[in-house]
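The values are calculated or read from the model by the stated rules, or taken from the named source; none is laboratory data. No experiment lies behind these values; they were computed from the predicted model shown. Cβ: placed from backbone, ideal geometry, glycine included. Neighbour counts: every protein chain shown.
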Amino acid sequence: MPKRALITGITGQDGSFLTEFLLNKGYEVFGIIRRSSSFNTDRIDHLYQDPHEPETRLRLIYGDLNDSSSLNQILQRVQPDEIYNLGAQSHVRVSFDVPEYTGEVTGLGTVRLLEAIRTIGLRTKFYQASSSELFGSVVEVPQTERTPFRPRSPYGCAKAYAYFITVNYRESYGLFACNGILFNHESERRGETFVTRKITRAATRIKLKLQEQLFLGNLEARRDWGYAPDYIEAMWLMMQAEEPDDYVIATGETHSIREFLDDAFGYLDLDWKKFVAIDPRYYRPAEVDLLLGDATKARRALGWEPKIGFKELVRLMVDHDLELARQEKATQQIKGALLPQRRWGAA
Ligand code: NAP
Ligand code: G4F
């Protein structure tokens, strides 16, 4: 019998890579999706098979982390061996605009799942997508599993609740539950309102004269950026360990937004200073200035280490987005219009 995994957040960056990873390992994968007025399965469409095919190993089910009854029904029906809770309102800047909603989805969504596991009596393993945002205004550099949490946003606070409730269910009910405290990880599938992808999309569109300017917020913040598929492997390794535990997953390198701009625009032979303007609406009421992780524990206990470094990450994202821009340019030449940068919202 193949193992069964249930993924919340399957339509997101990590959900899509995790689905590929688990299907390649022979798992049956069940994903919870939300109803949306437009298609929201772009990242997993290439994996979807005919649901009437007997060989189908990926199935999507409607549900929501804010809806306990849907979660209970799905868990009863699927009886998964492993649950990966990746679903979240995951945008830090947006969490200041919708703090209560972020608390519901990103914080309470976790206890809804854990309670469903407990009350049904499921013998499943549980992975919680914890975040380096927990460290917030950091009290030490680098950050490890022992570094105290000082979250700086409604998102960080919601993730702190989710982290501790996961530990609590492990300690109270003996559940195999682990927290992956993942530092920023990016890819060609990263959401376009996160800073790395916003930069690589804009730089490549500017290169092809599809866009004239890029509006950003704080350029001084520093992040420990890795490549998402490397981090997916770490999630799975945690779930295969003898005992459940919590792990920092990071590259051990930190870079500023400025350095990301240097590398992304530089790779395209462009000087970003000519194109980037500051728009204060992208500032956050409270900023996380510096993140730098120490993944020694994961390296020793799980044998995990990142394969893709900073420069390679920037290049692979730029290469991907340059191809997208070329396709866009071809369409534009037919339509004959210059599209501005999308500037809806504050992200
Ligand atoms: P993402 O691309 O923003 O994906 C978030 C996913 O959550 C989407 O599939 C989204 O569905 C789903 N979702 C949102 N609200 C939901 C709800 N009410 N019920 C069910 N699903 C809901 O995020 P990601 O980058 O893949 O990150 C995955 C997880 O890791 C998140 O929990 C994030 O907070 C955490 N994390 C990410 C990073 C990082 O650097 N990427 C680092 C640390 C932790 P729709 O497509 O329908 O919106
Ligand atoms: O790309 P970001 O929005 O990522 P952030 O806030 O670090 O959060 C991401 O990583 C967390 C892990 O630490 C995850 F838990 C979370 O779900 C998410 O995936 O912003 C990175 C930095 C910030 O300091 C921000 O102020 O970039 C700065 N920034 C500057 N201009 C900008 C912009 N960020 C965004 N999104 N948009 C800008 O225009």
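Quick rundown of the values:
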item	result
Pairs with Cβ under 7 Å, 6+ apart, first in segment 151-178 and within 24 Å of LEU122 (Cβ to Cβ), second charged (D, E, K, R) and surrounded by 20 or more Cβ atoms within 10 Å (Cβ to Cβ)	LYS159/GLU133; PHE176/LYS125; ALA177/ARG170
Only one of ASP81, ASP97, ASP45 that is away from ligand 2 (no atom under 16 Å from the Cβ), over 26 Å from LEU237 (Cβ atoms) and either among the charged types (D, E, K, R) or surrounded by fewer than 18 Cβ atoms within 10 Å (Cβ to Cβ) (or both)	ASP45
Residue match in segment 133-147 (condition: aliphatic (A, V, I, L, M) and within 16 Å of ligand 1 (Cβ to nearest atom))	yes
The lone exception for LYS297 - which of (1) of a type in the set (Lys, Arg); (2) modelled with pLDDT under 95; (3) in contact with a strand residue (DSSP E or B) (Cβ under 9 Å, 6 or more places away or on another chain) it fails	(2)
Qualifying residue in segment 171-178 (condition: in contact with a helix residue (DSSP H, G or I) (Cβ under 6 Å, 6 or more places away or on another chain) and within 16 Å of ligand 1 (Cβ to nearest atom))	yes
Pick from segment 116-150, criterion without any contact (Cβ under 8 Å) to a residue 40 or more places away in the chain and over 25 Å from SER68 (Cβ atoms), ranking: farthest from ligand 2 (Cβ to nearest atom)	ARG146
Residue satisfying condition, being surrounded by fewer than 22 Cβ atoms within 10 Å (Cβ to Cβ), more than 27 Å from THR11 (Cα to Cα) and in contact with a strand residue (DSSP E or B) (Cβ under 8 Å, 6 or more places away or on another chain), within set GLU242, GLU253, GLU220	GLU220
Options GLU259, GLU220, GLU186; residue that is within 16 Å of ligand 1 (Cβ to nearest atom) and closer than 23 Å to HIS91 by Cα	GLU186
Residues within segment 85-99 that are in contact with a helix residue (DSSP H, G or I) (Cβ under 8 Å, 6 or more places away or on another chain) and part of a helix (DSSP H, G or I), tallied	6
Inter-residue pairs, beta-carbon under 6 Å, first within 16 Å of TYR283 (Cα to Cα) and in segment 90-104, second more than 10 Å from ligand 1 (Cβ to nearest atom) and of a type in the set (A, V, I, L, M), 6+ apart	HIS91/ALA347; ARG93/ALA346; ARG93/ALA347; VAL94/ALA347
When residues of segment 207-233 are limited to those that are assigned to a helix (DSSP H, G or I) and not basic (Lys, Arg), the one nearest to the chain's Cα centre (by Cα)	ALA228
Selected residue (criterion: surrounded by the most Cβ atoms within 10 Å (Cβ to Cβ)) from residues of segment 1-35 that are in contact (Cβ under 8 Å) with a residue 60 or more places away in the chain and of a type in the set (Phe, Trp, Tyr)	PHE17
Sole exception among (1) in contact with a helix residue (DSSP H, G or I) (Cβ under 6 Å, 6 or more places away or on another chain); (2) part of a helix (DSSP H, G or I); (3) among the hydrophobic types (A, V, I, L, M, F, W, C) for MET238, by number	(1)
Members of segment 155-202 found to be in a loop (DSSP other than H, G, I, E, B) and among the polar types (S, T, N, Q), listed by number	ASN184, SER187, THR193
Residue match in segment 271-289 (condition: closer than 27 Å to PHE17 by Cα, among the basic types (Lys, Arg), more than 11 Å from ligand 1 (Cβ to nearest atom) and touching a Leu at 6+ places or on another chain (Cβ under 9 Å))	no
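For (1) in contact with a Lys or Arg (Cβ under 9 Å, 6 or more places away or on another chain); (2) farther than 25 Å from GLY156 by Cβ; (3) assigned to a helix (DSSP H, G or I), each residue gets a yes or a no:
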{"position": "THR251", "(1), (2), (3)": "no, no, no"}
{"position": "PHE260", "(1), (2), (3)": "yes, no, yes"}
{"position": "LEU270", "(1), (2), (3)": "yes, yes, no"}
{"position": "GLU287", "(1), (2), (3)": "yes, no, no"}
{"position": "ALA298", "(1), (2), (3)": "no, no, yes"}
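Condition check ((1) near ligand 1 (Cβ under 10 Å from one of its atoms); (2) closer than 16 Å to LEU86 by Cβ) across all residues:
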position: ARG4; (1), (2): no, no
position: ILE7; (1), (2): yes, yes
position: GLY12; (1), (2): yes, yes
position: TYR27; (1), (2): no, yes
position: SER36; (1), (2): yes, no
position: THR41; (1), (2): yes, yes
position: ASP64; (1), (2): yes, yes
